[in-house]
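Just so it is clear, none of the values below were taken in a lab; they were calculated from the coordinates. All values reported here derive from a predicted model rather than from experimental measurement. Methodologically, a virtual Cβ is constructed for each residue, glycine included, from the backbone with ideal geometry; neighbour enumeration extends over all protein chains shown.
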Amino acid sequence: MNCRARVGEMVKIILPVLLLAVLDSGLASTAWAQNKACALATPEELQAALGAKVSGLKAQGLGGDAQICMGQTPAASVMLRLAKRTHSSGETEAKGIEMAKKMGAQVELKTFGPVTCSTMIPPPNLAQYGFNTTCSVLKNGQVAAVEVTAKSQKEMVAIDKLRPLVEKMAGRI
């Protein structure tokens with residue numbers, strides 16, 4: 001396997017791990033009866049935060065404990081998540097961020113009380129995997145998050161745009 005292929009495979013593994021780590025480093029063991037992720041934000045709230053209409057919002061049946069709802073805008077994919085939080089050491093998140101940085105990604109992490117937001121800009125050779133902004137909130141042992149992966153850095157959503165949406169989502173947990 002050549003170097004580029006190995007890097008691509010690493011990104012496929014590390015990016016979801018990083019994003020899930022920021023959301024939650026450990027999920028509870030029992031499945032939830034119904035997916036509530038799509039009820040975390042209205043289409044109008046998403047459009048206001050992203051500056052574009054989100055289409056195709058649909059619950060994803062991944063099994064396990066994370067509830068996921070996905071949609072897209074012309075410039076980005078959008079994911080709403082809801083999961084139970086079993087611990088909050090932060091060790092897994094820190095490892096994921098360090099791995100991304102070692103691969104050349106620029107990672108910014110900001111916290112606002114119970115809200116944590118991050119951006120990840122990949123190095124040029126990994127730009128095809130997208131430019132990510134994620135905000136999550138921890139409340140009552142659950143984590144709700146919105147993740148936007150844009151096709152280009154220019155199309156990235158600013159943390160300041162997503163944070164108010166996630167604060168609204170906290171009231172729906």
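Take region 144-165 and flag every residue that is crowded, with 24+ Cβ neighbours inside 10 Å and either over 21 Å from Ala52 (Cβ atoms) or small (Gly, Ala, Ser) (or both).
Ala144, Ala145
Within region 131-143, take every residue that is touching a residue at least 60 places away in the same chain (Cβ under 8 Å) and surrounded by 21 or more Cβ atoms within 10 Å (Cβ to Cβ) and give me the one that is farthest from Met120 (Cα to Cα).
Val143
Which pairs have Cβ atoms under 6 Å, sit 6 or more apart or on different chains, and link a residue in region 144-169 that is touching a residue at least 12 places away in the same chain (Cβ under 8 Å) and closer than 16 Å to Cys38 by Cα to one that is charged (D, E, K, R) and crowded, with 19+ Cβ neighbours inside 10 Å?
As it stands, the answer is Ala145/Arg81, since those pairs meet every condition given.
For Gly56, state whether it is within 20 Å of Ala150 (Cα to Cα), without any contact (Cβ under 8 Å) to a residue 40 or more places away in the chain, over 14 Å from the mean Cα position of the chain (by Cα) and not in a loop (DSSP other than H, G, I, E, B).
yes
Of the residues Gly96, Gly104, Gly113, only one is farther than 19 Å from Gln60 by Cβ and touching a residue at least 40 places away in the same chain (Cβ under 8 Å); which?
Gly96
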